[in-house]
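Below is one structure; the comments refer to it alone.
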Amino acid sequence: MFNKDIIDSFKTIETPFYYYDLDILSETLERLIIEANSEIFKVHYAIKANANSRLLNLIRSYGLGIDAVSGNEVKKAIEEGFDNKDIVFAGVGKTDKEIEYAINSKISCFNCESIQEIQVINDISKKSLVTSNISLRLNPNIESKTHKNITTGTKKNKFGIDIDDLDDILTLLKSLDNINLVGIHFHLGSQITNFKVFDELSKIANITNKKIYDYGILLNHINVGGGLPIDYNNPEKNYIPNFSEYFNVYKKNIILLKNQKIYVELGRSLVGQCGNLISRVLFTKNSYNKNYVILDAGMTELIRPALYNSYHKISNLTSIENKFKKYDVVGPLCESSDIFSKNIKLPFSKRDDIFRIHSCGAYGETMSSNYNLRNSIKSYYSDMI
Ligand code: LLP
């Protein structure tokens, strides 16, 4: 809950904006570090979830690495002081320029998603007179039972290398002098609430690791990707994700050989609950028996509800009414899908009320846009207000 001082200061700031609670982020990172035993796990933060400098600064101070999916994400991580050796570069389509940049930056490893990509990295590495570390992103064909748009590890998805091609790749690698295979990588999807899926993944990871070992290669790590969910329904009660169960699944199931480590790439679970979208009511109206609250924030600031029909809790921070009404809470954009939530119960709301959209720290600011030539979204932090 926000106290009166915070709400009063929100009233004086031009809306919409993101408000990040740095105490929540610190507490989340502290709990992460306790649960992710560093003897076994290495955590890379999936910077795609939120690349805000203030957040990155805090994340870096807890010793995390970075999972990047574009040359610019690699660059941003380096600029923010992350150690190049702690950066992994993933992504289904990397340009030659991005590959060259990452090689010159001496990052830790490339997560490769096709045979052609491995060959291109080999060629570019040869020209640069270096050997590049790669990890194979394998598509294990496991249904992650999350939203179809954020499922990545089934045979219907574009991601990863068909796991049945592993033998061919191992044979190919023998002929590639500038590639060093150091890991295997999987990512089943995001916001995965059924942890049995991670049991299934562990089994496939173990079989693959053993097979590669029998082939004569001892991997340095098994990367199991991200996917740990947050509680969008009860964000205030459960603001810390279930790190302990998540890490225990892998601790229990993954068989490590020699000094191998488990890499995890967490995005949403680290930053999701520290971010809020704060917006002002522009107008209210009733049309064909429906009550609308029209906010000054829309899908340009938070696209998740429009894109995935995602639920975010919404609160009116300034209404003092104790009567309630059902509202559709919508944005100002010229798009019918510019809706945050339909038919939700809120206290009577009026022009100039301040609204809070909860759990927006992940995939909020990074997915914002300037559609309709809207201004770029600003951010404020709990230590400023
Ligand atoms: N590793 C890889 C290879 C990924 O593709 C992703 C997310 C992650 C790690 C981090 O996953 P997380 O811990 O955040 O679940 N925009 C969507 C989510 C897209 C996720 C993309 N990949 C949303 O707003 O729900």
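Computed from the coordinates by the stated procedures, all read-outs in this text should not be read as laboratory data. It should be emphasised that the depicted structure is a prediction, and the values quoted were computed from it without experimental measurement. Cβ atoms come from the backbone with ideal geometry, glycine included; neighbour counts cover every protein chain shown.
Brief remarks on what is shown
- Cross-link partners of Lys203 among lysines (Cα-Cα below 19 Å; sequence separation of 8 or more within a chain): Lys145, Lys155, Lys211, Lys251, Lys252, Lys258, Lys261
- Cα pair distances in the chain, grouped into 10 Å bins until the bin that holds the longest one, percent each: 5, 22, 30, 22, 13, 6, 2, 0
- Hull-based mean projected area of the stretch 223-279, where the convex hull spans the alpha carbons, in square nanometres: 4.8
- In nm, spacing of pseudo-spin labels at Lys145 and Asp164 (7 Å Cα→C-beta vector): 2.6
- Subtracting the Cα-Cα distance of Ile320 and Ser244 from 0.36 nm times their residue separation leaves 23.4 nm of extension gain.
- Over the C-alpha atoms of the stretch 24-98, the Rg to Rh ratio, Rh being the Kirkwood estimate, stands at 0.98.
- Helix-only arithmetic for the chain: the sum of -39500 (n - 2.57) across DSSP H runs with n ≥ 4, divided by the residue total, places the mean residue ellipticity at 222 nm at -8500 deg cm²/dmol.
- Our compactness index for the stretch 261-328, the C-alpha radius of gyration over the empirical 2.2 N^0.38 Å, is 1.49.
- Nonlocal amide H pairs with Lys261, under 5 Å, H built at 1.01 Å: His221, Ile222
- Listed by chain and number, the aspartates and glutamates whose C-alpha is less than 17 Å from the C-alpha of Lys378, apart from same-chain residues fewer than 8 away, are Glu14, Asp21, Asp296, Glu301, Glu365.
- Gyration tensor verdict on the stretch 43-84 (Cα atoms; rounded if a/c is under 1.5, prolate if a/b is larger than b/c, oblate otherwise): rounded
- In this simple spin-label model, placing a label point 7 Å from the Cα along the Cα-to-Cβ direction at both Ile385 and Ser336 gives a separation of 3.5 nm.
- Highest-first packing order for the peptide set 49-57, 35-43 is 49-57, 35-43, based on the mean count of other beta carbon atoms within 10 Å.
- Divided by 2.2 N^0.38 Å, where N counts the residues, the Cα radius of gyration of the stretch 297-385 comes to 1.12.
- Percent of Cα-Cα distances greater than 18 Å, calculated over the stretch 173-315: 67
- Over all orientations, the stretch 71-229 has a Cα convex hull whose mean projected area works out to 9.3 square nanometres.
- Relative contact order (%) - the stretch 1-117, alpha-carbon pairs under 8 angstrom, separation at least six: 19
- Pairwise label distance in nanometres, Asp177 with Tyr215, each label 7 Å out on the Cα-Cβ vector: 2.1
- Using a Förster distance of 51 Å, the FRET efficiency for Asn289-Lys196 (Cβ separation, nearest 0.05): 0.70
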